[in-house]
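First comes the structure, then the notes that go with it.
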Amino acid sequence: MTSILASVLLPLPALAAAEGTSLQSGQGSAASRPAAHVAPHAAARSSQGESVMVSARRGATGAGQHNAHSETVITRQDLVNRNIRTMTDIQRVAPNLTIQPSFGSGALNFTLRGVGLMDFTQNNTPSTMPYLDGVALPVSIMTTGMMFDLDDISIAPGPSGYTHGQATTGGEIDFHTADPTRQFHAGLTEDIASYGRNRVEGYISTPLSQSVSFRIAGQSMTGGGYQHNAAGQGFGNANLGALRAKLKWDIDDTSNLIIGGHWTTDQSEYASGHNLYNSYHVPVTQDIYETEWGLDPRFAKIIGIDGNNTKPREDNLFWGANVRYTKNFSWGRLSTISAYEMADEHELTNQTDSILSYGNMFRNNQTNVFSQEVKLESVDPNARFHWEAGMYYSRSRMAQNFWYDSSDRPGTTPLNQTRYRQNQQDFNQYVQLSYRILPKLRIIGAIEHESDDRQMLNVTSANYNLNTGAVIGTPTNFGNSGALTNQFGGRVGAQYQFTHNVMGYVMFSRGFKPGGFSANITQQAVQLRPFKPEQILTYEGGFKTMLFDRRLRLNAAGFYYDYRDQQILGTVLVPPYGVLGGYVNAPRSYIYGAEFDAEAHPFHGMVLTQNFGYQNGVYSQFQSLNRSATTANFAATGTWQAVNTNYNGVNMGLANLTLAGAATYTWNVFRDYRMTFDVDYSYRGRQTQPQYIGQTGIYRSPAYFLVNSFLTFAAPRQHWSVTVYGQNLADRRYWLSAGTQATFYGVIPGLPRFVGARMNFTY
């Protein structure tokens, strides 16, 4: 947005960064790149702190317009304007992005351009990696509670790991938190909305001395539960609190040290869906927001939880700490990041979404991740020759415990416990070079090597008598399993600056991601066989333009992905438990598509934005168990028997079309005040869940179109604003993800209509 719009829409921190509305720029987020790579508006933010500087320049932002890769940056103001409060909201504003709750869990799954792993067991490397200030979060539930006091979110599609972090096939999403400032600033936001949703955010940023500054920020979110059961009891209320702090020491003119930490507690009601189908004759309603739950008190007693509270819920604690050091030399820059992340997860879910007191699962997951990165690079990325090289290391330790109640199925043990430990370490080395061989032509090359070693240790399965709580027979110990990945990746490309305002590029990349394990309800040794690493060859080309004296920015990209051994959450048959989720590899597949991004300033005060995403994927070589056919056969015969299907030529069922646009108009009133009115929309096409390849009907989520709006009255000189807003104004019914438990099939609904008011004060 323009600086005028930035000064209107509060909160005020990092208003200099607000100029960078959704855009496409270089691979690797601005948050994860050293200062020399950060866009000019971000550099201004760092040097000026949070002072409001009204720039004389008007029009679309030019950040990233000379970088040869697609990236969407969602600024602080975009997050406020679009009411992006939770992770799943992000997909409303970025093309070809999918963020879904893992069915039966509070964890999330990130997919870019059709590349993503539905990791319901939470023990595998995501295909699209989330980062917090450049620190990889390989267990997605660690992202809980971070959506506050952010400067921006960068979404970079395509293979990554060439310039920082860990190798992935899908890309990365980097969350960049606000830094301490050299002047005192403070802010408080109170947001009240439908269904009793209440969100409070605040921050204080202050200098402690001439060279040391400190920032602390926090949020509290409660209520907002829009689901209910047949008796009218509400469900889905949030109960979350989070704190974050940063201490910055400018050691001298060439070096600085930043020490950060964060803490989140989450006791929300999560992961209960609406039952669309079952073969147990449980009544199914047409109200997508109706859900049910049930809990066997014997199950609760054995696992040691409160049996009086039968609702699915979380009881989680997350915390982390990191140290960043940067040193500038005359010839280059040295940067290091040391980080430790910890997750303590206790999760109770009802897999059937019914009042029947079985299908409950309780997960106990303790995971810690230590990571260390060291990077050297030349100072000026726009010099004729630019180089960067680094090493990334991470080590994780995980202990998981699954309890699963299958007392409904004859021939099964009523209660199964699967427990294991997983050790993993990853070491990535990378080098990227670029050289301007002609005044307008630059060539780019990169190579990376990553070694990933993980072991499943002491996998034990025990069956319990629900009545007595005693172990039935002798627990089965499946011992240890290992998976080792050693692979090279790389990319080559070129960019050509046709004019100062028009740039084109092409890029060819090879990316990969390590293999891993399925780990739930382990009854057979074959379930612990690791799935293979996946590889992807990508071809991308695009252009970026800035036209009509910065009044119009127009960017576009096209891509083709040649996918090998694609990792998919598929289905395995484990009689007498039936069809269970398990990871499989599709030997060959391909994905192609296009993206388009525009920002226009037709006249003073008006800003128009629009993005477009198209993606389509097809399996060219893949045969696997057909979940629906196998379940239908069991319903008809009462016997579990595998039904396999050849999926060669079958469509992946991706959401082919994603659209998002906004019109925002700002004008002055009463001389010292401003009004801003906004209307924005998003559209997402139909989508099939990975477990239901080739299926239609209830297994294919319908397309949906959402309309939102807000009106802000602001007093910039007095540092306060009041906003009224509406989300999903047409009250569309849609769902975010779907899943199954045996012969139950349910969906997680999206937000209904929400109306609210937001009050913001800054100093």
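At-a-glance table
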item	result
Elements of type strands (runs of 3 or more DSSP E) contained in segment 529-630, each with 3 or more residues being in contact with a Leu (Cβ under 9 Å, 6 or more places away or on another chain) and open to solvent by 20 Å² or more (accessible area, probe 1.4 Å)	552-574, 578-600, 606-621
Within segment 472-486, tally of residues that are open to solvent by less than 30 Å² (accessible area, probe 1.4 Å) and of a type outside the set (Gly, Ala, Ser)	1
Tally of residues being part of a strand (DSSP E or B), in contact with a Lys or Arg (Cβ under 9 Å, 6 or more places away or on another chain) and not hydrophobic (A, V, I, L, M, F, W, C) across segment 373-385	2
Where a residue in segment 704-717 is more than 21 Å from ARG732 (Cβ to Cβ) and its partner, wherever it lies, is surrounded by 19 or more Cβ atoms within 10 Å (Cβ to Cβ) and basic (Lys, Arg), with Cβ under 7 Å and at least six apart	ALA714/ARG674; PRO716/ARG674
Residue among TYR673, TYR692 that alone is of a type in the set (Ser, Thr, Tyr), closer than 30 Å to TYR647 by Cα and surrounded by 15 or more Cβ atoms within 10 Å (Cβ to Cβ)	TYR692
Boolean, VAL579 is hydrophobic (A, V, I, L, M, F, W, C) and within 30 Å of MET507 (Cα to Cα)	no
Count - residues of segment 263-279 that are open to solvent by less than 70 Å² (accessible area, probe 1.4 Å), over 12 Å from ASN229 (Cα atoms) and modelled with pLDDT under 90	4
Segment 390-434 - residue that is farther than 12 Å from ILE521 by Cβ and small (Gly, Ala, Ser) and, of those, modelled with the lowest pLDDT	GLY411
GLY469 open to solvent by less than 40 Å² (accessible area, probe 1.4 Å), part of a loop (DSSP other than H, G, I, E, B) and over 25 Å from SER394 (Cβ atoms)	yes
Residue in segment 120-131 that is farther than 27 Å from GLU373 by Cβ, surrounded by fewer than 24 Cβ atoms within 10 Å (Cβ to Cβ) and either modelled with pLDDT of 95 or more or among the small types (Gly, Ala, Ser) (or both) present	no
Filtered residues of segment 312-338 (kept if surrounded by fewer than 19 Cβ atoms within 10 Å (Cβ to Cβ) and under 30 Å from LEU415 (Cβ atoms))	ASP315, LEU317
Test for GLY756: is it open to solvent by less than 10 Å² (accessible area, probe 1.4 Å) and in a strand (DSSP E or B)	no
Residue within segment 447-454 that is under 30 Å from LYS544 (Cα atoms), part of a strand (DSSP E or B) and at pLDDT 95 or above present	yes
Residue list for segment 723-747, restricted to those being open to solvent by 20 Å² or more (accessible area, probe 1.4 Å) and either touching a residue at least 60 places away in the same chain (Cβ under 8 Å) or acidic (Asp, Glu) (or both)	ASP731, ARG733, TRP735, LEU736, THR740
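Residues checked against (1) charged (D, E, K, R); (2) more than 30 Å from GLY273 (Cβ to Cβ):
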{"site": "GLU345", "(1), (2)": "yes, no"}
{"site": "GLN351", "(1), (2)": "no, no"}
{"site": "ASN360", "(1), (2)": "no, no"}
{"site": "ASN368", "(1), (2)": "no, yes"}
{"site": "PRO381", "(1), (2)": "no, yes"}
{"site": "ARG384", "(1), (2)": "yes, yes"}
{"site": "ALA389", "(1), (2)": "no, yes"}
{"site": "GLN400", "(1), (2)": "no, no"}
{"site": "TRP403", "(1), (2)": "no, no"}
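The values are calculated or read from the model by the stated rules, or taken from the named source; none is laboratory data. Note that this is a predicted model, so its numbers are computed, not measured. Heads up, the Cβs are rebuilt from the backbone with ideal geometry, glycines too, and the neighbour counts pull from every protein chain shown. Accessible surface is based on the protein model in full, side chains and every heavy atom, while ligands, DNA and RNA are left aside. Shrake-Rupley method; radii C 1.70, N 1.55, O 1.52, S 1.80 Å.
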